[in-house]
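Novice: My questions will all concern the structure given below.
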């Protein structure tokens with residue numbers, strides 16, 4: 001047995017395919033200064049080709065797992081535009097008269113070495129992204145072939161020194177049983193992608209650099225516990241075969257809950273809906289029993305294209321989702337770009353604090369032409385289902401009134417056209433900025449519902465960037481300040497007689513269920529993959545007991561103690577769907 005890091009859960013058993021490791025071996029030859037312009041042209045052509053290739057890979061991966069996970073490749077595109085990286089390459093060519101491929105190789109080595117020296121796992125794993133992008137650029141500059149993966153249909157366990165997101169995107173998930181890598185960890189882009197694809201992954205085996213495995217060896221990958229077995233004994237193989245079969249049985253049993261109503265043992269119902277970004281996500285949500293859509297992230301309709309989508313394009317997508325919902329509610333959030341979500345055809349100024357900057361409703365109110373086009377498309381779709389409109393990033397009553405004014409203009413235009421739409425389409429706002437939670441009473445008088453976006457709310461309340469590995473441990477949704485913000489928002493909604501739901505990651509976290517039952521939240525929206533697991537937990541929960549747990553948590557001032565108490569309550573329910581309390 002070899003210990004590593006369990007980066008993607010699950011058990012895989014099969015024969016190994018060892019991906020050859022390779023390094024570029026370049027000779028340093030000085031070039032004539034008169035050839036500088038030609039060398040820069042080679043570099044720029046390589047960059048253009050690399051960008052086109054990365055965009056193509058992103059689109060392929062998007063088809064497999066959806067737009068959010070595929071946005072990993074935006075970071076790769078950003079590297080090719082990064083001033084620090086490109087200035088380093090330019091300087092080597094211009095001052096040392098070295099060929100473009102040599103300059104790129106030296107820049108890669110410089111940044112990777114610099115990141116490896118940092119005592120920061122997140123930055124070390126970002127070095128993998130630089131190597132991936134740099135090696136792609138080198139491939140084009142040298143005209144060299146890529147290291148390829150097996151092309152036959154025989155399933156295998158992939159073993160590699162390191163695996164780039166680009167290589168992983170080309171995998172056929174049906175052929176790859178599991179993955180083992182020497183480097184990497186839970187926050188690497190490859191790990192994120194493996195989890196999205198549902199492929200067990202054990203990484204970080206660098207201490208076992210002489211891993212005794214060859215192509216064709218029998219392997220076991222235990223992604224839950226971070227263990228790898230090479231040519232295991234029969235007893236170990238039989239034990240893991242039983243474990244893998246048991247996991248598959250539980251997965252199949254959970255699927256049986258898709259048509260079951262989410263209701264606690266003592267009869268309290270919770271509406272479980274899905275967060276989606278595409279029509280494909282909607283199909284998964286329906287398969288897993290979603291009661292409509294609690295959050296349709298429309299910004300992904302605007303990405304990976306050369307221009308803004310037309311009213312007709314948007315209407316067709318919104319209409320299709322509304323029809324597929326079969327009368328269940330569809331909450332469509334208006335365009336929420338900026339910060340980490342950029343559009344190639346809408347260049348935005350660089351900001352020191354993009355998450356606190358020009359984004360969401362701020363852009364929509366600044367570009368009312370685009371805003372009105374989207375609202376018109378959503379309103380037209382309201383004739384085909386129970387469509388609701390959700391405004392993001394609202395921080396004041398003034399902003400909300402401006403958004404409602406644009407909505408009124410869109411309605412007037414549709415009336416002039418004689419177009420069919422629901423004149424009573426509900427409108428709501430995201431509660432994701434602390435200012436909105438603090439004036440929730442005033443905001444509630446202007447809308448029909450609240451949707452709490454816990455991801456940003458937690459980030460803003462605690463002043464913690466959850467993507468910053470140095471302080472990520474401080475990002476805790478169970479912090480007492482966050483719980484008080486949630487209670488404040490819910491009480492304001494109840495006082496105004498409007499509904500309130502949760503659509504952030506907390507909604508799909510089983511540990512949070514006692515909090516929702518205590519606060520009186522009866523609508524949760526989460527990723528389609530979380531629906532059955534949360535439903536299973538609810539079916540085995542007694543609301544009265546859950547409330548007592550939550551009340552004890554609300555009295556605590558220590559986030560760690562709150563988290564421990566909620567985790568203990570969640571772990572008391574074993575994953576055994578066949579014993580569920582099914583009404």
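The values are calculated or read from the model by the stated rules, or taken from the named source; none is laboratory data. In this text the structure is predicted, and so the values were computed from the model without any measurement. Backbone-built Cβ (ideal geometry, glycine too); neighbour counts: all protein chains shown.
Novice: Which of the residues spanning segment 338-367 are on the phi > 0 side of the Ramachandran plot and at pLDDT 80 or above?
Specialist: Listed by number, the list holds a single entry, 360.
Novice: OK, next. Keeping to segment 347-366, report how many residues are part of a loop (DSSP other than H, G, I, E, B), in contact (Cβ under 8 Å) with a residue 24 or more places away in the chain and out of contact with any strand residue (DSSP E or B) (no Cβ under 8 Å at 6 or more places or on another chain).
Specialist: 0
Novice: Now for a separate question. Of the residues 515, 457, 524, only one is under 22 Å from residue 295 (Cα atoms), surrounded by 24 or more Cβ atoms within 10 Å (Cβ to Cβ), touching a strand residue (DSSP E or B) at 6+ places or on another chain (Cβ under 6 Å) and in the same structural domain as residue 396 (by TED's automatic domain parsing); which?
Specialist: After ruling out the rest, the residue left standing is 524.
Novice: While we're looking at this one, here's another question. Just to be sure, is residue 468 modelled with pLDDT under 95 and either outside any helix (DSSP H, G or I) or surrounded by fewer than 17 Cβ atoms within 10 Å (Cβ to Cβ) (or both)?
Specialist: When the stated conditions are applied, residue 468 passes them.
Novice: Does segment 483-506 contain at least one residue that is within 30 Å of residue 280 (Cα to Cα), assigned to a loop (DSSP other than H, G, I, E, B) and in contact with a helix residue (DSSP H, G or I) (Cβ under 9 Å, 6 or more places away or on another chain)?
Specialist: yes
Novice: Among the residues that make up segment 519-526, is at least one of them more than 26 Å from residue 430 (Cβ to Cβ) and under 28 Å from the mean Cα position of the chain (by Cα)?
Specialist: No, because not a single residue in segment 519-526 is more than 26 Å from residue 430 (Cβ to Cβ) and under 28 Å from the mean Cα position of the chain (by Cα).
Novice: Of all residues in segment 21-51 being exposed (fewer than 11 other Cβ atoms within 10 Å of the Cβ) and touching a strand residue (DSSP E or B) at 6+ places or on another chain (Cβ under 9 Å), which is modelled with the highest pLDDT?
Specialist: Looking at the filtered set, the residue picked out is 30.
Novice: Taking the options 242, 233, 283, 299, name whichever one is in contact with a strand residue (DSSP E or B) (Cβ under 7 Å, 6 or more places away or on another chain), free of Cβ contacts under 8 Å to residues at least 60 places away in the same chain and farther than 30 Å from residue 514 by Cβ.
Specialist: Testing whether each residue is in contact with a strand residue (DSSP E or B) (Cβ under 7 Å, 6 or more places away or on another chain), free of Cβ contacts under 8 Å to residues at least 60 places away in the same chain and farther than 30 Å from residue 514 by Cβ leaves just 299.
Novice: Being in the same structural domain as residue 465 (by TED's automatic domain parsing) and assigned to a loop (DSSP other than H, G, I, E, B): is that true of residue 318 here?
Specialist: For residue 318, the condition - in the same structural domain as residue 465 (by TED's automatic domain parsing) and assigned to a loop (DSSP other than H, G, I, E, B) - is not met.
Novice: Any chance you could count how many residues in segment 442-454 are assigned to a loop (DSSP other than H, G, I, E, B) and either within 16 Å of residue 479 (Cα to Cα) or not assigned by TED's automatic domain parsing to the domain that holds residue 399 (or both)?
Specialist: Residues that pass the stated criteria total 1.
This table checks each residue for (1) without any contact (Cβ under 8 Å) to a residue 40 or more places away in the chain; (2) crowded, with 16+ Cβ neighbours inside 10 Å; (3) in the same structural domain as residue 366 (by TED's automatic domain parsing).
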position	(1), (2), (3)
386	no, yes, yes
391	no, yes, yes
400	no, yes, yes
412	yes, no, yes
418	yes, no, yes
426	yes, yes, yes
430	no, yes, yes
435	no, no, yes
440	no, yes, yes
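Novice: If you check residue 500 against the conditions, is it more than 20 Å from the chain's Cα centre (by Cα) and either outside the structural domain of residue 431 (by TED's automatic domain parsing) or under 30 Å from residue 258 (Cβ atoms) (or both)?
Specialist: The answer is yes for residue 500.
Novice: Within the set of pairs 6 or more residues apart or between chains, which connect a residue that is in contact (Cβ under 8 Å) with a residue 60 or more places away in the chain inside segment 543-572 to a residue that is in a loop (DSSP other than H, G, I, E, B) and exposed (fewer than 14 other Cβ atoms within 10 Å of the Cβ) with Cβ atoms less than 9 Å apart?
Specialist: Close Cβ pairs (under 9 Å, with a partner that is in a loop (DSSP other than H, G, I, E, B) and exposed (fewer than 14 other Cβ atoms within 10 Å of the Cβ)) amount to 543/266; 543/267; 544/266.
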